[in-house]
Amino acid sequence: MIEEMRLRDLGVIADATLPIGRGFTAITGETGAGKTMVVTGLGLLLGQRADSGAVRKGAAQAAVEGVWLVPEDGPVAARVREAGGDVEPVGGGSAELYLGRTVSSEGRGRATVGGRTAPAGVLADLADEAAFR
């Protein structure tokens with residue numbers, strides 16, 4: 001389950017941290033407030049194709065980071081370790097998994113899984129499994 005998402009230099013959003021956690025989360029706001037960029041950021045974390053047009057005007061790159069709560073000894077944590085990353089134990093058999101994605105204004109991107117660079121496909125598989133399983 002996703003616990004938190006941080007967006008930097010993505011569209012109209014300079015820097016924002018969104019606590020998500022359990023239950024229902026509604027994203028509301030005026031026109032132009034950045035709701036679409038929140039959804040775009042989540043899409044990047046879920047492995048969607050990166051678009052340099054989403055980088056905030058004047059910024060070198062946009063970054064999205066997500067924190068997922070996963071079972072410490074479950075299949076997601078095992079796959080993260082296989083990819084060279086790690087999860088952070090938080091007690092009660094749970095661990096935090098950090099996933100990230102950057103997109104440069106030139107269109108180059110990078111994905112990170114548990115603190116290590118990984119192919120975007122690996123990030124997509126892990127995020128999907130952590131978010132929807």
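Bear in mind these aren't lab numbers, they're just calculated from the coordinates by the rules spelled out. Bear in mind that the values here come from a model prediction, so they are computed numbers and not experimental data. All Cβ positions, glycine included, derive from the backbone under ideal geometry; neighbour counts span all protein chains shown.
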**Prompt:** According to a simple spin-label model (label point 7 Å from Cα along Cα-to-Cβ), what is the distance in nm between A26 and A60?
**Reply:** 4.1
**Message:** Rounding to the nearest 10 and keeping the result within 0 to 90°, find how far the Cα-based axis of helix 35-45 lies from the longest principal axis of the chain.
**Reply:** 40
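Full extension from E106 to A78: what is 0.36 nm times the residue separation minus their Cα-Cα distance, to one decimal in nm?
Values: separation 28, 0.36 × 28 = 10.08 nm, distance 3.38 nm.
Stretched out fully, the E106 to A78 stretch lengthens by 6.7 nm.
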**Helix-only mean residue ellipticity at 222 nm for the chain, each DSSP H run of n ≥ 4 adding -39500 (n - 2.57), per residue, nearest 500** = -7000 deg cm²/dmol
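For the chain, take N as its residue count and report Rg(C-alpha) divided by 2.2 N^0.38 Å. The partial results should precede the final answer.
Values: Rg = 14.6 Å, N = 133, 2.2 N^0.38 = 14.1 Å.
For the chain, the normalised Cα radius of gyration comes out at 1.03.
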